[in-house]
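Structure record follows, encoded as C-alpha cells.
The values are calculated or read from the model by the stated rules, or taken from the named source; none is laboratory data. Because the structure is predicted, anything quoted here is derived from the model rather than measured. In this analysis, Cβ positions are derived from the backbone assuming ideal geometry, glycine residues included, and neighbour counts consider all displayed protein chains.
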Amino acid sequence: MSEGLRERKKRQTRRRIRKVAMRQFVERGFDKVTIAEVAAEAEVSVNTLYNYFEAKEDLVLPPDEASPLRLAEIVRERPAGASPARAVLTRLREEVRGRERQLGLTDGFGQVFEMMRAAPTLTARLEDLGHEMTEALAAQLATETGTDRDDPALCAAAGQIGWFHSMVFAEIGRRLVAGRTPDEIATDVLQLLDAVEELLGERAFTYAVRGDTPRKDRPCSG
C-alpha cells in the first residue's frame, strides 16, 4: 500500500525536526539547546514536537532506531540451525559490511558521537539501553529454552552477546573520534568480530541452537 499524503507529511515533519535538533546539538552541545529552540527553527510548536518525540533524548536516540528489543528480535528471527550468538554475530557483520547508518559508519558521525559522550543524560540512556537489550534477550532465551531466567548458561549467553554487541558500538565511536574513516573502521570491526568468535569458543556458538534445548543448571542468582 502506498504512503498517504498525511503519513508522508508526518514523516517529513519528523525528519525535519530531528535534522534541526541534531545540527543544533552538534554545534552547541546537547545540554545547551532547549526544546523551544529546536521547535522554533523547525517551525513547529513545542507541543507538536512532543507529539513526535516524547523526550529530548529521543531526538538523538529515537526508540524505533534504538530499541531495547533489538537483540531479542535478532535471536527470535534467526533461522533453524543457528545459535543466538551466531545470529547476532552474523547480523553485526552484515551491518558493518553494509556501512549501516545505525552503527554510525557514516562520514561526520564522529561529531555526533562526541556530542553524545559529552551529555550525561545521553550516556546514561545508552547504558540503560544496553542493560535493557541484554535483559530482553535473556527473557527471549528463557522462553525459547524453557529454562529459568536465572539459569547459569542462559545468564552467560545473554551477557556475552550483550557484551560484544555493546563493544562493537563503543569501538566504532572511539575510532570515529580518532578520525578514522568509515571504511577503515569497518575493516577494523570485522577483524574485531573475528577475534570475538575465536575467543568465545565453540560452547558459546552451540548454546540454544534453534531446535535444541540446553540442560538446566543451578540458578546463577544468590
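Overview of values
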{"item": "Single match in ALA186, ALA119, ALA124, ALA138 (criterion: surrounded by 17 or more Cβ atoms within 10 Å (Cβ to Cβ) and over 25 Å from GLU94 (Cβ atoms))", "result": "ALA119"}
{"item": "Checklist (1) modelled with pLDDT of 95 or more; (2) among the β-branched types (Val, Ile, Thr); (3) assigned to a helix (DSSP H, G or I); (4) surrounded by 15 or more Cβ atoms within 10 Å (Cβ to Cβ) applied to VAL44, failing item", "result": "(3)"}
{"item": "LEU103 vs. criteria within 18 Å of SER166 (Cβ to Cβ), at pLDDT below 95 and assigned by TED's automatic domain parsing to the domain that holds LEU190", "result": "yes"}
{"item": "Boolean, ALA170 is closer than 30 Å to GLY211 by Cβ, out of contact with any Cys (no Cβ under 7 Å at 6 or more places or on another chain), aliphatic (A, V, I, L, M) and surrounded by fewer than 18 Cβ atoms within 10 Å (Cβ to Cβ)", "result": "no"}
{"item": "Top-ranked residue in the stretch 74-99 [being surrounded by 15 or more Cβ atoms within 10 Å (Cβ to Cβ) and either out of contact with any helix residue (DSSP H, G or I) (no Cβ under 8 Å at 6 or more places or on another chain) or of a type in the set (S, T, N, Q) (or both); ranked as nearest to LEU192 (Cα to Cα)]", "result": "THR90"}
{"item": "Pairs, first in contact (Cβ under 8 Å) with a residue 12 or more places away in the chain and outside any helix (DSSP H, G or I) in the stretch 60-87, second buried (at least 20 other Cβ atoms within 10 Å of the Cβ) and of a type in the set (Ser, Thr, Tyr), C-beta under 6 Å, six or more apart", "result": "SER83/TYR207"}
{"item": "Elements of type helices (runs of 4 or more DSSP H) contained in the stretch 109-222, each with 3 or more residues being without any contact (Cβ under 8 Å) to a residue 24 or more places away in the chain and assigned by TED's automatic domain parsing to the domain that holds GLY81", "result": "120-145, 152-177, 182-206"}
{"item": "Any hit, the stretch 42-50, residues being within 20 Å of the chain's Cα centre (by Cα) and more than 30 Å from ALA138 (Cβ to Cβ)", "result": "no"}
